[in-house]
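The values are calculated or read from the model by the stated rules, or taken from the named source; none is laboratory data. Everything quoted here is computed from the prediction, not taken from an experiment. Reconstructed Cβ throughout: ideal geometry from the backbone, glycine too, with neighbour counts over all protein chains shown. SASA here: full protein model, heavy atoms, side chains in, ligands and nucleic acids out. Shrake-Rupley method; radii C 1.70, N 1.55, O 1.52, S 1.80 Å.
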Amino acid sequence: MPVKLTYAHHGDACRAANALDLVGDRWTLIVVRELLLGPKRFADLQESVRGITPAVLSDRLRSLRQAGIVDQVTLTDLARTRAYAVTEWGRGLESVLASLGRWYSSGPDPRTSGGMTPDAMVLAMRTMVPPVPEGLPLTALRLYDARQPDPPVGDYRLTTVNGMLDVRPGAAVGPVATVTADSTAWSEVLFGGLPLTDAERAGTVRIEGDRETVTRVVRLYLAAACP
């Protein structure tokens, strides 16, 4: 197997180039994306990083562990399941992914095709987070990936921190509204111009509780997208 030469091997001391030696391979940042909001098992990553083979996923996880970006952890379930999580240093890559997303959105054709995993959708919400001048009551967001058979549902919570919408993983206790949605459909509502009522009619988005709070969230993202 040929030795892979890095930018450093070629005498390039640029730190951006050296960073690409660590995360520039295909799939690497996508694996990191799926770990930023919480640990995942190998099987979970195989489901969420669509198109990757088990061998390539093993290779990327090994490289990320060697670089100190990802670590192997043991979950607190009864089976003491092994999983993967980003390190504190690895968490800094969220801002890198956010910058890439904003850069692509500012391009000549920001349209995309395909679907969104729940964590990818929440990270997109955090990237494009709008200001909330009047605050927002606690709202629960429950996302699943309808492309998977019997998909698990991820719990997230929305509230306001320092005048900005705050979106993070975890179940919301006593929310005023709960949104249960296919993550791709929710993406289309917030970023693709799909009317909320159309998504509700199709059954891909369901709202319980204060619907007006949810429509406020949608309007905030739509307004933030307008130049």
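Is the shape of the stretch 187-227 rounded, prolate or oblate, going by the alpha carbon gyration tensor and its root eigenvalues a ≥ b ≥ c, with a/c under 1.5 for rounded and a/b larger than b/c for prolate? Cα axes put the stretch 187-227 in the oblate bin.
Accessible area per residue (1.4 Å probe, heavy atoms of protein chains only) ranks Glu188, Glu94 as Glu188, Glu94, with the largest value leading.
Relative to the longest principal axis of the Cα atoms of the chain, the long axis of helix 211-225 makes an angle of roughly 50 degrees. The alpha carbon gyration tensor of the stretch 1-121 gives principal lengths a ≥ b ≥ c with a/c of 1.5 or higher and a/b no greater than b/c, which makes the shape oblate.
Under 5 Å from the amide H of Thr81 lie the amide H atoms of Leu75, each residue being 5 or more positions distant or on a separate chain, with H modelled from the backbone and absent for Pro and chain starts. In sequence order, the stretch 159-174 has phi-based couplings of 7, 10, 10, 6, x, 10, 5, 10, 10, 8, x, x, 6, 8, 9, x Hz under the Karplus curve 6.51 cos²θ - 1.76 cosθ + 1.60, θ = phi - 60°, and Gly or Pro positions carry x.
For the chain, the longest principal axis of the Cα atoms and the long axis of helix 93-105 meet at an angle of about 70 degrees. Loop-located chymotrypsin sites (Phe, Trp or Tyr not before Pro) across the stretch 79-108 with a Cβ neighbour count of 14 or fewer within 10 Å are Trp89, with loop assigned by DSSP.
For the stretch 25-173, the solvent-accessible area with a 1.4 angstrom probe is 55 square angstrom per residue.
Pro130 sits among other residues whose Cβ lies under 15 Å from its own Cβ, and their net charge, with Lys and Arg +1 and Asp and Glu -1, is +2.
Surface composition of the chain: carbon plus sulfur atoms contribute 55% of the solvent-accessible area (1.4 Å probe, protein chains only, all chains present).
What the phi angles of the stretch 43-53 give under the Karplus curve with 6.51, -1.76 and 1.60, with θ = phi - 60°, is a coupling list of 5, 5, 5, 4, 6, 8, 8, 5, x, 7, 8 Hz, glycine and proline written as x. For the listed peptides 23-34, 160-171, a ranking on the average number of other beta carbons within 10 Å per residue, highest first, reads 23-34, 160-171. Converting phi to 3J(HN,Hα) with the Karplus coefficients 6.51, -1.76 and 1.60 and the offset θ = phi - 60°, the stretch 107-120 yields x, x, 9, x, 5, 10, 10, x, x, 10, 6, x, 5, 4 Hz in sequence order, with x at every glycine or proline.
Going by a ≥ b ≥ c, the root eigenvalues of the Cα gyration tensor, does the chain fall in the rounded group (a/c under 1.5), the prolate group (a/b larger than b/c) or the oblate group?
prolate
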